[in-house]
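> Submitted below is the structure of interest, expressed as structure tokens.
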Amino acid sequence: MKVSVYRYNPETDREPSMKEYEVETNGKDLMVLEVLNLLKEQDPSLAFRRSCREGVCGSDGMNINGKNGLACITPLSEVAPGVKEGKKPLVLRPLPGLPVVRDLVVDMGVFYQQYEKVQPYLQNESPAPAIERLQTPEDRAKLDGLYECILCACCSTSCPSFWWNPDKFLGPAALLQSYRFLADSRDDATEQRLSRLDDPFSLFRCHGIMNCVSVCPKGLNPTRAIGHIRSMLLERGV
Amino acid sequence: MVTSVTSLGRNGLYDWLIQRVSAVVIALYVIGMVGFLVCSGDLDYGTWSAFMGSTPMRIANTLMLFSVAAHTWIGLWSVTTDYLTGMTFGKAATGVRLVVQMAIALLLLVYILWGLLMIWGGA
């Protein structure tokens, strides 16, 4: 099958280019990461991130035939019709909107800065209990669909609002985590958290186009979380 | 928290709410106007003038005028802050954005004043 890969080495290349490869898959429905490993044998200069190879670490987020996803859990048959059969090329590019360090490796700095802004940790001023802060099963259930995020950045880098204002709009990943702590019955910094989201950019730059939902490899719904935060702001502000 | 002095309410929730409320006002106005045009049959100048000159329609037109202005400002402000940035204009971005935003603001101000003159001028 044909594979087209984005190549860029800032030390030697004046500009990025797409390089074509031919890979023998014997018609197997390999994961995209396996194809990349085969490419790496052919061309050791190819750079990409990977670690757990089972959709847990979030290292190998990339743009696969125009859609962001994790290479390790995306089979060729799900990329696009005809890719597995070799009728169409597999096209691999880095996550859009972030500076490219080399080939498929991007600089995630701005993504982590936005994550840091939402203070993604439990804040509780009351004295710590002897053993642990308890939560009812119902309150615990509110965190389902939020805590599973692996910070692969597939969602934020598929969001045009994040592309245009990555330093001002927090992006779907950080906002999902923001709601994860707003929804936590053990956290009592709700007011401070909400007051940091009230400006025209941090949260309200989301126009609800739901690219984030369509690409999330864990099946999470950042748009819904953003809607919940908006409702909390509305209740607080009206 | 990102500071912004040129957004309508300088607050995301305020702008978001005004955008939705103004959209509802515009939708109701358009539905009402289409309903009137469909139901009024052969429309002559006298009927149209009496309809638009009535106090309820003057109030509705004024609401529509302000709703369109607010809706346009919030929408175009978003467009200018998305596309007229350092990514497209480099260091000149702030100047370009400010000039475009001020031009839009002036046009909307003229639109409001002219509209008010048309609606209430003959009162």
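> Just A:Arg49, A:Arg193, A:Arg14 to compare: in a GNM of chain A, with alpha carbon springs under 10 Å, which one fluctuates most?
Evaluated over chain A, the most mobile residue of the options is A:Arg14.
> Starting from the Cα gyration tensor of chain B, take the square roots of the eigenvalues, sort them a ≥ b ≥ c, and report rounded, prolate or oblate (rounded when a/c is under 1.5, otherwise prolate if a/b is larger than b/c, else oblate).
It is prolate, given that a/c is not under 1.5 and a/b is the larger ratio.
> Tell me, what is the percent relative contact order of segment A:2-105, built from C-alpha pairs under 8 Å that lie six or more residues apart?
34 percent
> Can you give me the relative contact order of chain A as a percent, contacts being Cα pairs under 8 Å and 6 or more apart?
Relative contact order comes out at 18 percent.
> Moving to a separate point now. Within chain B, which complete DSSP H helices have Cα atoms spanning at least 20 Å along the helix axis and a mean Kyte-Doolittle hydropathy of 0.5 or higher?
Qualifying helices: B:12-39, B:55-83, B:93-120.
> Taking each full run of DSSP H in chain A as one helix, which ones are at least 18 Å long along their axis (Cα atoms) and have mean Kyte-Doolittle hydropathy of at least -0.5?
Helix filter hits for chain A: A:222-237.
> In whole angstrom, how far apart do the alpha carbon centroids of segment B:31-82 and segment A:171-224 sit?
When both Cα centres are located, 37 Å separates them.
> For A:Glu22 and A:Lys88 in one chain, what is 0.36 nm times their gap in residues minus the Cα-Cα distance, to one decimal in nm?
22.6 nm
> Under the classification rounded if a/c is under 1.5, otherwise prolate if a/b is larger than b/c and oblate if not, where does segment A:1-89 fall, given a ≥ b ≥ c as square roots of the Cα gyration tensor eigenvalues?
Note, shape of segment A:1-89 comes out oblate.
> While we're here: Along its three principal axes, how long is the protein assembly as shown when you only count alpha carbons? Whole Å, largest extent first please.
So the three principal-axis extents are 83, 61, 45 Å.
> Separate question: Running a GNM on chain A with Cα contacts under 10 Å, which residue among A:Glu148, A:Glu138, A:Glu54 ends up with the highest mean-square fluctuation?
Per the Cα network of chain A with a 10 Å cutoff, A:Glu138 tops the list.
> Also, I was wondering about something else. For chain B, what is the mean residue ellipticity at 222 nm derived from helices alone (per DSSP H run of n ≥ 4: -39500 (n - 2.57); sum divided by total residues; nearest 500 deg cm²/dmol)?
Per the formula, -27500 deg cm²/dmol.
> No partner Cβ under 4.7 angstrom, meaning no disulfide-compatible partner by this rule: which Cys of the protein assembly as shown qualify?
Within the protein assembly as shown, the cysteines lacking a partner Cβ under 4.7 Å are A:Cys72, A:Cys149, A:Cys152, A:Cys154, A:Cys159, A:Cys206, A:Cys216, B:Cys39.
> State the antiparallel share, in %, of DSSP beta bridges confined to the protein assembly as shown, rounding to the nearest 5.
Roughly 85 percent of the DSSP beta bridges within the protein assembly as shown come out antiparallel.
> With runs of 4+ DSSP H residues as the only contributors, calculate the mean residue ellipticity of chain A at 222 nm using -39,500 (n - 2.57) per run, divided by the residue total and rounded to the nearest 500.
Here the helix-only value at 222 nm equals -8500 deg cm²/dmol.
> Could you give the distance between the Cα centres of segment A:24-42 and segment A:73-142, to the whole Å?
24 Å
> Could you give the length gained by full extension between B:Thr55 and B:Met87, i.e. 0.36 nm per residue of separation minus their alpha carbon distance, to one decimal place?
6.6 nm
> Once Lys and Arg get +1 and Asp and Glu get -1 on their Cβ, which of A:Ile209, A:Leu46, A:Gly219 lies farthest toward the positive end of the dipole of chain A?
A:Ile209
> By DSSP, what percent of the beta bridges with both residues in segment A:2-105 are antiparallel, rounded to the nearest 5?
80 percent
> Sequence gap at least 6, Cα distance under 8 Å: using those rules, report the relative contact order of chain B to the nearest whole percent.
Result for chain B is 29 percent.
> Another question, if that's okay. Would you look at the GNM of chain A, springs on alpha carbons closer than 10 Å, and say which of A:Pro172, A:Pro44, A:Pro16 moves the most?
Among A:Pro172, A:Pro44, A:Pro16, the largest GNM mean-square fluctuation belongs to A:Pro44.
> Here's another thing I want to ask about it. Sticking with the crude label model, points 7 Å out along Cα→Cβ, report the distance from A:Lys218 to A:Cys57 in nm, one decimal please.
It is 1.6 nm.
> Next question. In segment A:2-105, what is the count of Lys pairs whose alpha carbons are under 21 Å apart, counting only pairs at least 8 residues apart or on separate chains?
21
Just so you know, all these numbers are worked out from the coordinates, no wet-lab data involved. From a predicted model like this one, the values you see are computed outputs, not experimental measurements. Note that we place each Cβ from the backbone using ideal geometry, even for glycine, and neighbour counts take in every protein chain shown.
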